[in-house]
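Right, one structure below, let's go through it.
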Amino acid sequence: MESRRLLSFAPAVAAPKLTLTNNDAVPGNERMVFNRILHPNTKIPNKVHDHATLKLKNSGNVTLKFTSFAISGPWKIANTKPTSLAPGATASITLQFTASAPPAYTYNQTNGTTNTHKAGMYSGSLTIASNDPAHPKQVEQLAGYFQSDSENSEEPSLQTIINNVFNYKTKINSTHISTLSETSGKKLYGEETNSAYWTASNATSGVFIRQIAAFHTQGSQTSLWWYTNPTTPSLHKIFTTAGSDGQTLLPHIQGSSSLAQATFKPGTSKFGFKIDGEWSDDKKNQYKSASAGGGHHVRFFPVRDHNGNLIANTYFMVMDYSVAGSENFDFQDAVYVISGIKPAGN
């Protein structure tokens, strides 16, 4: 007779499990970002990212019960907090960044040198206590950039945006500086990738791009295109960012409540980018003198996560508007994260 062995399976442990999802997606589910301007532009009021939503889900099989929601830093929960969640149920809480004065000055985090004590970043946290046995206290990181005024040399520097607020570990420069100056010609900084043109890493899925910051003249829209033929480029519009979102993190598409993000499919062709009048190809830019960086007005940096690990085929694209005789080289007029691309050279 054939011998048989009976297999036994341990029953699933009954327990609640809290899962957190940052509805903004970036920089991740463990961190939420905000910005606030105390004195908005009087002619074109600033739309800022001072509210953000965190989704709570009970991924377990027992009712999840909340004990407390504790906040450190200038934030508050702007809606009703849940007391419990049945298995599979979800609820959302909206956090509001409430800073009313600049943080204590440690070093200049702005894009200028004249109002360094009027702006800066706050760090905080939300600690959620529950009966989740694996994680009885879950901590959500909070980061908020405060400006006393719109523009006025109080905007965050590129390093403040990428390294401080979003907590990406990409090396922009070895020390914290307000601007990426190139008044004597093109200069590469940190881990910058010197490539004007790109290819899709997967032609089928295409390229995803999201604007994570806009700090330029309030009220001005910013349009983004891709193109394939360097000699006679045919421009393909990706999106236009709202003029009201000229001084904010995570801006929106003009005339829409949708965030400024999109997917496009260039196939296997080599392509470049155009942001308003600035091209990723230095040779195509209007101002190409040595004092204008030789036309180098769009930069690319690889994206490193909060642990310093490179995220495959993912890059920051950052831009500085060139104006004859008055370019400031802050390179945070428009900041994008692009996934699904590989450098294709100049």
Can we say Gly88 is small (Gly, Ala, Ser), surrounded by 14 or more Cβ atoms within 10 Å (Cβ to Cβ) and modelled with pLDDT of 95 or more?
no
Is it the case that some residue within region 160-183 is part of a strand (DSSP E or B) and within 21 Å of the chain's Cα centre (by Cα)?
no
Based on what the data block shows, is Asn61 assigned to a loop (DSSP other than H, G, I, E, B), closer than 15 Å to Ala89 by Cβ and modelled with pLDDT of 95 or more?
yes
Can you confirm whether Asn202 is more than 24 Å from Ser291 (Cβ to Cβ) and more than 20 Å from the chain's Cα centre (by Cα)?
yes
Do you know which of the residues in region 117-142 that are more than 20 Å from the chain's Cα centre (by Cα) and among the hydroxyl-bearing types (Ser, Thr, Tyr) is surrounded by the most Cβ atoms within 10 Å (Cβ to Cβ)?
Ser130
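Let's see how each residue does on (1) under 24 Å from Ser258 (Cβ atoms); (2) among the small types (Gly, Ala, Ser):
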{"site": "Lys43", "(1), (2)": "no, no"}
{"site": "Val48", "(1), (2)": "yes, no"}
{"site": "Asn58", "(1), (2)": "no, no"}
{"site": "Lys65", "(1), (2)": "no, no"}
{"site": "Ala78", "(1), (2)": "yes, yes"}
{"site": "Pro82", "(1), (2)": "no, no"}
{"site": "Ile93", "(1), (2)": "yes, no"}
{"site": "Gln96", "(1), (2)": "yes, no"}
Can you tell me how many residues within region 184-211 are part of a strand (DSSP E or B), closer than 19 Å to Thr314 by Cα and not basic (Lys, Arg)?
8
Conditions (1) under 23 Å from Ile172 (Cα atoms); (2) surrounded by 14 or more Cβ atoms within 10 Å (Cβ to Cβ) -> Ser184 fails only (2)
With touching a residue at least 60 places away in the same chain (Cβ under 8 Å), in a strand (DSSP E or B) and either under 16 Å from Thr248 (Cα atoms) or not assigned by TED's automatic domain parsing to the domain that holds Phe316 (or both) as the only criterion, which of Ile93, Ile44, Ile37 stands out?
Ile37
Within region 198-256, of all residues that are of a type in the set (Phe, Trp, Tyr) and without any contact (Cβ under 8 Å) to a residue 60 or more places away in the chain, the one nearest to Asn328 (Cα to Cα) is Trp225
When you check Asp282 against the structure, is it under 27 Å from Ser201 (Cβ atoms) and assigned by TED's automatic domain parsing to the domain that holds Val318, yes or no?
yes
One residue is enough: does region 135-143 have a residue meeting the conditions in contact with a strand residue (DSSP E or B) (Cβ under 8 Å, 6 or more places away or on another chain) and free of Cβ contacts under 8 Å to residues at least 12 places away in the same chain?
yes
List the pairs whose first member sits in region 67-83 and is closer than 21 Å to Arg36 by Cβ and assigned by TED's automatic domain parsing to the domain that holds Ala104, whose second member is of a type in the set (D, E, K, R) and in a strand (DSSP E or B), and whose Cβ atoms are under 9 Å apart, counting only residues at least 6 apart or on separate chains?
Pro74/Arg36
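The values are calculated or read from the model by the stated rules, or taken from the named source; none is laboratory data. Since this is a predicted model, take the numbers as computed values, not measurements. Every residue, glycine as well, gets a Cβ built from its backbone with ideal geometry; the counts of neighbours run over all protein chains shown.
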